[in-house]
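Structure, as structure tokens:
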Amino acid sequence: SRKKVTILEARNRIGGRIWPLDEKNWGYPTQGGAELVHGEAKVTKALLREAGLTYEDMEGEMWSVRDGEIRKIEGGTTNDEKLTAHQDELNKRLKKLTEDIPVSIFLKKYFSDEKYQSLHTWVIRMVTGFDAADPDKISTFSLREEWLGGAEWVQGRVKEGYGAVLKFLENECRKYGVEIKLNTEVKKIDLGNLGADKIIVTVPK
């Protein structure tokens with residue numbers, strides 16, 4: 001039998017870290033959140049096919065602005081000489097690691113010297129930003145598979161933009177009777193009065 005599903009969303013929009021910005025305000029389609037499709041992304045690509053949307057390999061140049069300085073992005077990260085000088089050493093340490101430890105411990109053990117500061121900062125930013133993980137908890141082995149495998153640097157885009165993906169998902173939900181309630185922040189769940197068989201809770205990072 002078909003189940004009745006209700007989605008309670010605290011924000012005034014769906015999408016979470018995906019945040020398409022209004023083309024009317026910007027003059028062109030813009031992503032305020034997630035923009036790229038990283039790695040093999042089999043689930044995402046299958047969803048795009050189902051939605052009739054288009055995956056395209058990323059082309060063109062990438063630039064970054066940090067502290068007012070504009071820099072061209074090379075090889076997946078900004079062209080920072082201090083960083084690239086230690087990437088080979090980082091890869092060697094990762095390959096030699098025999099015991100899995102949290103990333104923060106890995107950095108403290110092998111890259112605590114001041115000369116590694118830019119590398120340390122880059123790794124932490126990758127872990128907290130790209131992987132949305134806690135450096136004190138995430139497995140160094142899991143990141144080793146990502147970073148040394150190289151697949152995560154394969155990047156593409158949804159030609160029609162992530163907004164089209166959200167519209168497809170929302171339409172599919174409503175087609176099957178899903179009720180979506182925006183601006184509905186859940187602060188407490190009373191199990192005694194819960195009129196549902198199951199509840200799924202997602203908490204933003």
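The values are calculated or read from the model by the stated rules, or taken from the named source; none is laboratory data. Keep in mind it's a predicted model, so treat the numbers as computed, not measured. We place every Cβ from the backbone using ideal geometry, glycine too, and count neighbours over all the protein chains shown. What goes into the accessible areas is simple: the full protein's heavy atoms, side chains included, and nothing from ligands, DNA or RNA. Shrake-Rupley method; radii C 1.70, N 1.55, O 1.52, S 1.80 Å.
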Legend entry - LEU143 vs. criteria surrounded by 13 or more Cβ atoms within 10 Å (Cβ to Cβ), among the hydrophobic types (A, V, I, L, M, F, W, C), more than 30 Å from GLY52 (Cβ to Cβ) and within 16 Å of the chain's Cα centre (by Cα): yes
Inset, instruction - Name the one entry in ILE138, ILE199 that is out of contact with any His (no Cβ under 9 Å at 6 or more places or on another chain) and surrounded by 13 or more Cβ atoms within 10 Å (Cβ to Cβ). - result: ILE138
Inset, instruction - Hey, could you check segment 107-125 for residues that are in contact with an Asp or Glu (Cβ under 9 Å, 6 or more places away or on another chain) and of a type outside the set (Gly, Ala, Ser) and say which is most open to solvent (accessible area, probe 1.4 Å)? - result: TYR110
Inset, instruction - Answer with yes or no whether VAL65 is open to solvent by less than 70 Å² (accessible area, probe 1.4 Å) and either part of a strand (DSSP E or B) or modelled with pLDDT under 85 (or both). - result: no
Legend entry - Positions within segment 87-111 being free of Cβ contacts under 8 Å to residues at least 40 places away in the same chain and in contact with a Phe, Trp or Tyr (Cβ under 6 Å, 6 or more places away or on another chain), in sequence order: ARG93
Inset, instruction - Please specify each residue of segment 169-189 satisfying the condition of being free of Cβ contacts under 8 Å to residues at least 40 places away in the same chain and either open to solvent by 90 Å² or more (accessible area, probe 1.4 Å) or in contact with a helix residue (DSSP H, G or I) (Cβ under 7 Å, 6 or more places away or on another chain) (or both). - result: ASN171, ARG174, LYS175, LYS187, LYS188
Inset, instruction - Find all pairs meeting these conditions: Cβ atoms under 8 angstrom apart; at least six residues apart or on different chains; first residue within segment 29-42 and in contact (Cβ under 8 Å) with a residue 12 or more places away in the chain; second residue of a type in the set (Ser, Thr, Tyr) and open to solvent by 40 Å² or more (accessible area, probe 1.4 Å). - result: VAL37/THR44; VAL37/TYR55
Inset, instruction - May I ask you to verify whether ALA51 is among the aliphatic types (A, V, I, L, M), open to solvent by less than 70 Å² (accessible area, probe 1.4 Å) and within 24 Å of TRP147 (Cα to Cα)? - result: no
Inset, instruction - Select, from GLU99, GLU9, the only residue that is farther than 21 Å from LYS159 by Cβ, surrounded by 15 or more Cβ atoms within 10 Å (Cβ to Cβ) and at pLDDT 90 or above. - result: GLU9
Inset, instruction - Kindly provide the set of residues from segment 152-168 that are open to solvent by less than 70 Å² (accessible area, probe 1.4 Å) and under 19 Å from the mean Cα position of the chain (by Cα), ordered by number. - result: GLU152, GLN155, GLY156, VAL158, GLY161, TYR162, GLY163, ALA164, VAL165, LEU166
Inset, instruction - Select from segment 12-28 the residues that are open to solvent by less than 100 Å² (accessible area, probe 1.4 Å) and in contact (Cβ under 8 Å) with a residue 60 or more places away in the chain and list them in ascending order. - result: ARG13, ILE14, GLY15, GLY16, ILE18, PRO20
